[in-house]
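I have placed the structure first, in the form of structure tokens, so that the comments after it can refer back to it.
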Amino acid sequence: MIFSKLKYLLLTFFVLLATVVVAQSNLKWNTVAPGVWRATAGKPDKFNFYTVIGVHPKIEALAAMTSVHFPLPENEIKATVIDGKTYLRFPLDSAEKIFGLGLNFKTVEQRGRIMRLHVDHYGGQDNGRTHAPVPFYVSSKGYGVLINAARYIDVWVGTAVERDSKHPPAVRDRNTDKNWQANPYSDNIEMLVPAEGAEIIVFGGPDMLDAVRRYNLYNGGGCLPPRWGLGFWHRTPTLYSDKDVMNEVKQYAEHKFPLSVIGLEPGWQSKSYPCTYEWDKNRFPQPAAFIDSLQQKGIHINLWINPYISPDGELYKKIFPYTASFTVWAGLVPDYSMPQVQKIIGDHFYKHLLSKGVSGFKMDENDGFDEWLWPDVARFPSGNSAEQIRQTYGLMMQKMTTDLYRKQNIRTYGLVRASNAGASSFPYVIYNDYYSHPDFITALINSSFIGVLWTPEVRSSPTAEEWLRRMQTVCFSPLAMINAWADGTKPWSFPSVEKQVQEIADLRMRLIPYFYTSFADYAFYGTPPIKAMNLIPGFNAPVTTSGGALNSTENPYAKAVKQEIKDQFMVGDNLLVAPLFTGQKSRRVILPEGKWFDFYTGKYAGEGEVITITPGLDIIPVYVRDGGIIPMMPVVTTISKEKLPVEIRYYGHKASSYNLYDDDGESYDYEKGKFTRIKLSVTKDKNGELKGEVIIPKGANVWSYSNFSWNFMTK
């Protein structure tokens, strides 16, 4: 009896031991693209981000980047599968900074944080619950890591010390040692994936920006919006009719204020919350004629929708078999992971919307809160779990609508409330109802690490000062928009700053050649159009000091990189934007290495230092790097096919060049090579005088620009 029990215990021990050994076997890394490696732990879910987005890496663009070796010590990346969950461990050096891990609104550097990456409406805390909880991080050492698992992933970023740590923290006595810390040094990033396996993808650099570029290129490259999408947007109040909208357009014209897109809120539909996706016949009796009249004025229509299907529309019976076991607002929840759903809803959209000239969508309510959406116990007919559907719902809606427009060879641009890994090629910008101006800018910065776009849209303001400050920042974002759905506010709602608001909106329009080129670089090279300062090469370099001490006078740049930078950012490669917020009269601006010049005057501003400025209310501070070339067009209110002259502003003293991008502005023909890069070059002659040259490739088509004139801003 005793022998039998002993035999049973020994057998059980060896079975468990064998299981652990298998679970902890070394990961095998395979090259899947130049500078990109993949490994699998356990048995990953078949349903993941890449099966959802269905895009292909841009191999040629990846191959053109600097060749790199695997950037991490392979033996220090651990994966263990226990009790149906996957435990991942990555090494973390003492001076290493970590960025990314979702669209965060209050923090930029993520080391020392614990979060659960979970699609949700942002609730005011950077705890992982956010609109785009992308499980991708990028390191100051110049590499990135993605966990390709559509699950609620728990992350500990340098917060816990493993017993077998290679670099254990010093043991200190709190009673006697003033250097004792409640959070001792940790040399690892730990993740817990609630699945029997996970796919891990590592992206090489050699620097942070290159790691982000590789990530974006692996995801199909960044989106290139239609040119009109970069103009000014206005969303009308919820229950506006076609006559109300036309009156709004008339007011914009009377004020000579830019307007490229009108957004219609829920009232355009016969029913919303849940939705029919069919026009309300009282408010919009002739939608095709209404849209055509707007298009003749150069204005496009964007429609608000949410995913939940009303019983009062054509879709209800057709979609019923392909919906979840729970409803939302008494509406059916389509299982977008099923091809049947994409076909049924896609056909409905084409019949009622695209065929009538609708240019895009604002896709709301696909993020959270928990008490609004389906619970995690919901069942979906595809067999995918409610958790997996929650993590990818916004992605699937983006893909379906993008594919609809692709079939027509027409580009779209829109808004969405939920996204996740792999979304960079989808032409959607994230927005939300949270409304902190400073936090909006932090989110704008964080978006550049994770392959998504974010807009700090303007809704309302208690004062003229805040109104202007918000307008200034939104005009330097991926999508410049006023959202007046609730209160009917207008750009001129605060007369005391109407002139300044007009000026910043006009500047946005003038900068469209620069913005469009920056987005082309996103599409072709993976370079984010808006960039965090930490993505500027050299900005995260080790600090060199005299005598080991930091000094804000002798070594200000060294001090600057020690700070979390969440209130200034780059637009394209040449513009540094440093917004002010309500109540601020002055602020510090961190100028990276090299000389920088004031955008408005061309005057020298500083070089690799921290400056303090008091710009006044009228402008948002903007700086241009030495040799910066900024193409600008005349002020226009809409984006048309008319060829416009280009003013080429040049700043500083360095010889440089800039490749201005041009195409037809609306189709996908650029993917077939139908585009032109116009080289704008500045050189010095024998006497050191600067000379500007415009080089259009022989035989190349130019769709948007006519005459070119140089303006050397630095005198």
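Restricting to segment 343-397, name every residue that is outside any loop (DSSP other than H, G, I, E, B), crowded, with 21+ Cβ neighbours inside 10 Å and of a type in the set (D, E, K, R).
Passing the criteria: Lys362, Arg390.
For segment 577-623, what are the residues that are surrounded by fewer than 15 Cβ atoms within 10 Å (Cβ to Cβ), part of a strand (DSSP E or B) and without any contact (Cβ under 8 Å) to a residue 24 or more places away in the chain?
Hit for segment 577-623 is Glu607, nothing else.
List the residue pairs whose Cβ atoms are under 6 Å apart, where the first residue sits in segment 669-687 and is modelled with pLDDT under 95, the second is assigned to a loop (DSSP other than H, G, I, E, B), and the two are 6 or more positions apart or on different chains.
That search, which allows pairs on different chains as well, returns Lys684/Ala655.
Considering segment 656-715 alone, what residues qualify as being among the basic types (Lys, Arg), part of a loop (DSSP other than H, G, I, E, B) and either more than 22 Å from Thr601 (Cβ to Cβ) or within 31 Å of the chain's Cα centre (by Cα) (or both)?
Within segment 656-715, Lys674, Lys686, Lys698 meet the criteria.
With Tyr252, Tyr218, Tyr240 as the choices, which residue is free of Cβ contacts under 8 Å to residues at least 60 places away in the same chain and on the phi < 0 side of the Ramachandran plot?
After ruling out the rest, the residue left standing is Tyr240.
Got at least one residue in segment 273-280 being assigned to a helix (DSSP H, G or I) and not hydrophobic (A, V, I, L, M, F, W, C)?
Taking every residue of segment 273-280 in turn, none turns out to be assigned to a helix (DSSP H, G or I) and not hydrophobic (A, V, I, L, M, F, W, C).
Looking at (1) loosely packed, with under 15 Cβ neighbours inside 10 Å; (2) over 24 Å from Asn366 (Cβ atoms); (3) assigned by TED's automatic domain parsing to the domain that holds Asp210, which one does Ser186 not meet, given that it meets all the others?
(1)
Out of the residues in segment 656-666 that are among the small types (Gly, Ala, Ser) and surrounded by 17 or more Cβ atoms within 10 Å (Cβ to Cβ), state the one that is farthest from Pro226 (Cα to Cα).
Here the answer is Ser656.
Quickly run through segment 269-328 and pick out the residues that are among the basic types (Lys, Arg) and under 17 Å from Lys343 (Cα atoms).
Of everything in segment 269-328, those that are among the basic types (Lys, Arg) and under 17 Å from Lys343 (Cα atoms) turn out to be Lys317, Lys318.
How many residues does segment 194-237 hold that are farther than 18 Å from Ala532 by Cβ, assigned to a helix (DSSP H, G or I) and of a type in the set (Gly, Ala, Ser)?
Number of matching residues: 1.
The values are calculated or read from the model by the stated rules, or taken from the named source; none is laboratory data. What you see is a predicted model; the values in this text were computed from it and never measured. Because the Cβ atoms are built from the backbone with ideal geometry, glycine has one as well, and the counts that use them run over all protein chains shown.
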